[in-house]
1. Can you find, within region 114-128, the residue that is nearest to SER186 (Cα to Cα) among those that are open to solvent by less than 10 Å² (accessible area, probe 1.4 Å) and of a type in the set (A, V, I, L, M)?
2. Contact list please: Cβ distance under 9 Å, first residue in region 206-229 and closer than 28 Å to PHE255 by Cβ and modelled with pLDDT under 95, second residue surrounded by fewer than 18 Cβ atoms within 10 Å (Cβ to Cβ) and among the basic types (Lys, Arg), pairs at least six apart or on different chains.
3. ILE72 - would you say it is at pLDDT below 95, open to solvent by less than 30 Å² (accessible area, probe 1.4 Å), over 28 Å from ALA53 (Cβ atoms) and among the β-branched types (Val, Ile, Thr)?
4. Among the helices (runs of 4 or more DSSP H) lying completely within region 182-266, list those that include at least 2 residues that are over 17 Å from the mean Cα position of the chain (by Cα) and exposed (fewer than 12 other Cβ atoms within 10 Å of the Cβ).
5. For ALA45, are the conditions met, namely being within 21 Å of SER123 (Cβ to Cβ) and in contact with a Leu (Cβ under 8 Å, 6 or more places away or on another chain)?
6. I'd like to know if region 34-51 contains one or more residues that are in a loop (DSSP other than H, G, I, E, B) and among the small types (Gly, Ala, Ser).
7. Condition first: without any contact (Cβ under 8 Å) to a residue 12 or more places away in the chain, open to solvent by 30 Å² or more (accessible area, probe 1.4 Å) and among the basic types (Lys, Arg). Can you find one or more residues in region 82-102 that meet it?
8. Just to verify a result, which residue in region 2-22, among those that are at pLDDT 95 or above and part of a loop (DSSP other than H, G, I, E, B), is farthest from the chain's Cα centre (by Cα)?
Amino acid sequence: MNTSSPSPKLRVELANGVARLLIDNGAKRNAFDLDMWRALPPLFAAIDAEPEARVVVVSGAAGLPFCSGADISEFSTVRATSEGGRAYEQANVEAFEAISACSKPTIAAICGFCMGGGMGIASACDLRVAQEGAVFGIPAGRLGVGYPPSAMRFVVAAVGAQRAMELFFTGRRLSATEALEIGYLSRLFEQESFEGGVDDLAATIAANAPLTLRAAKAAIRAAAQLPGAPTLEACEALAKDCFDSADYMEGRGAFLEKRAPRFTGR
């Protein structure tokens with residue numbers, strides 16, 4: 001695939017069916033600026049269109065946190081007016097929706113800070129895993145910014161309405177252990193096992209039937225009533241595609257022959 005990025009602070013690497021979207025803005029502790037938000041939709045569209053990409057891992061580049069939120073310096077520039085603030089929030093919404101709409105499974109692999117918009121990015125992903133010591137929070141109430149309803153729905157889907165209210169009302173930080181306990185995370189790894197654990201999870205997903213994963217993701221998104229979720233008819237068509245596929249025949253054959261299946265996504 002073409003791994004060129006609209007922003008030099010984001011890059012995509014593809015190997016063994018795993019597309020890795022790396023956030024690389026070390027000077028700002030991986031805070032997102034407007035150009036980065038605007039770069040996410042075309043990057044996810046390119047990943048979605050790449051047949052070799054079977055799962056997407058979003059993480060900070062080596063040695064960097066996941067995302068410390070929005071670039072605060074832009075509050076006095078691109079977000080200095082109400083019009084600029086609304087345009088910025090629209091860029092946020094479009095980024096979250098692009099992540100969620102990706103037909104392939106997405107994993108937020110979190111270490112260090114996952115704050116504000118970073119928690120929005122993680123909430124839009126299908127799975128969230130973290131390293132011990134990760135910190136989560138949404139300090140919007142201390143900044144006077146508003147979250148659009150479509151963006152809020154991702155957080156509510158991830159933690160439930162009451163937890164979402166607590167996070168926004170208090171602005172307090174969650175530890176990785178608490179994030180796991182409330183169901184925001186699916187797995188929590190010790191520091192020394194984090195990279196290997198993420199690799200194993202991504203490899204396990206990448207080895208499974210792509211059409212089945214696409215159909216399952218669509219149906220779950222519809223059941224959760226996430227923004228932009230497919231219709232019931234679209235979900236049923238995706239399930240039918242599975243039974244009409246060569247991968248379905250391969251899966252049955254591999255099961256009968258007691259061997260690992262080799263899925264092609266067709």
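The values are calculated or read from the model by the stated rules, or taken from the named source; none is laboratory data. The model shown is predicted, which means the values in this text are computed figures rather than measured ones. Positions of Cβ are backbone-derived with ideal geometry, glycine not excepted, and every protein chain shown enters the neighbour counts. For the accessible areas, the whole protein counts, side chains as well, though only heavy atoms, and no ligand, DNA or RNA atoms are used. Shrake-Rupley method; radii C 1.70, N 1.55, O 1.52, S 1.80 Å.
1. Residue satisfying both the conditions and the ranking: ALA122.
2. Nothing qualifies.
3. So ILE72 does not fit the description; no.
4. 194-206, 232-243, 246-257
5. For ALA45, the condition - within 21 Å of SER123 (Cβ to Cβ) and in contact with a Leu (Cβ under 8 Å, 6 or more places away or on another chain) - is not met.
6. The answer is no; no qualifying residue exists.
7. yes
8. Of everything passing the filter in region 2-22, ASN16 is farthest from the chain's Cα centre (by Cα).
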